[in-house]
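A short worksheet on the structure shown next.
The values are calculated or read from the model by the stated rules, or taken from the named source; none is laboratory data. Being a predicted model, the structure only gives us computed values, none of them experimental. Here Cβ is always computed from backbone atoms with ideal geometry, including for glycine, and neighbour counts include all displayed protein chains. The accessibility values were calculated without ligands, DNA or RNA, using every heavy atom of the protein model including side chains. Shrake-Rupley method; radii C 1.70, N 1.55, O 1.52, S 1.80 Å.
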Amino acid sequence: MRFHVLTLFPEMIENGMNTSITGRAIAGGKISLDCVNIRDHAPERRKGRVDDYPYGGGAGMVIEAQPVMSAYESVCARTGSRPRCVYMTPQGKTFSQELARTFAKEEDLVLLCGHYEGIDERVIEKIVTDEVSIGDYVLTGGELAAMVVMDAVSRMVPGVLTNDLSGAEESFGNGLLEYPQYTRPEVWEGMAVPEILLSGHHGNVEKWRRMQSLKRTALRRPDLLESAQLTGEERKFLKDLLAKPEET
Ligand code: 6GU
């Protein structure tokens, strides 16, 4: 996966992405990051300025179409293709694990970050293939949202997670929330680790974890259960749980 980010703040993206698991994935060549500063595509006469007043008036500034187009075309020239171009905006489709899996199949992915009051609509019409939001709140710019998308996409790329199963197993991988985890010590502040995890019986541990996942999902995110694949026994467990939650 090769990420290309069109932004006015490339150092923000580079600092975030070169850290932790995504940083290791970049260093190991599993993913790559190419930040294009839109400012570098300002026409000579504008001396690095890429925004202007909105037609019709109103607060804030609007990023001009031409520098954004030129930044995208510079990526196309390097890849020899016209990659999918994701515009980060609160007006977009809400990002999801499903969309992360879809994006992970692309060879190149362009993420376009806006700032101020937005980007001239005409260049969005010309180059943008997907408009994506990360949730119902407003950020000052698309950079943090682009990093959220790249992080979630990266962990779907083979070889990025050292334990290759963990990407599939975690919350949402199977449509359910994750079961609780424990490590040493066995008793902490008077609180013991659930007995079954010390038993060494893998079958029972797996069953307990599955039931814990179901319980958490039912109590915290019941909406997720609608599309989850459950056995008859699991449905019965949940029915009993919801009838008397304090006993399970
Ligand atoms: Cl993608 N951009 C901005 N500016 N704010 C957001 C967002 C994106 N997603 C949620 N809020």
Taking Cα atoms, how many degrees apart are the long axis of helix 202-220 and the longest axis of the chain, rounded to 10 and kept between 0 and 90? 60
Counting sequence-distant residues (5 or more places) and residues on other chains, those with an amide H built under 5 Å from that of Arg84 are Val110
If I fit a long axis through the Cα atoms of helix 65-79 and take the longest principal axis of the Cα atoms of the chain, what angle between them do I get, 0 to 90°, rounded to 10? 70
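Averaged per residue, what accessible surface does segment 2-154 expose to a 1.4 Å probe, in Å²? Before the final figure, lay out each step's value.
Values: 7940 Å² over 153 residues.
That works out to 52 Å² for each residue.
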Summing -39500 (n - 2.57) over every DSSP H run of at least 4 residues in the chain and dividing by its residue count gives a helix-only mean residue ellipticity at 222 nm, to the nearest 500 deg cm²/dmol, of -11000 deg cm²/dmol
So how long is each side of segment 170-247 along the principal axes, counting just the alpha-carbon atoms, biggest first, in Å? 37, 27, 20
Just the Cα atoms of segment 2-154: what Rg and Dmax do they give in Å? 15.0, 49
Restricting segment 20-104 to chymotrypsin sites (Phe, Trp or Tyr not before Pro) in coil, as DSSP defines it, with at most 13 other Cβ within 10 Å: Tyr55
What residues qualify as long-range amide H neighbours of Cys35, i.e. H under 5 Å apart, gap of 5 or more or another chain, H built at 1.01 Å from N? Val5
Straight-line reach from Lys244: which lysines have Cα under 23 Å away, leaving out those fewer than 8 places along the same chain? Lys207, Lys215, Lys236
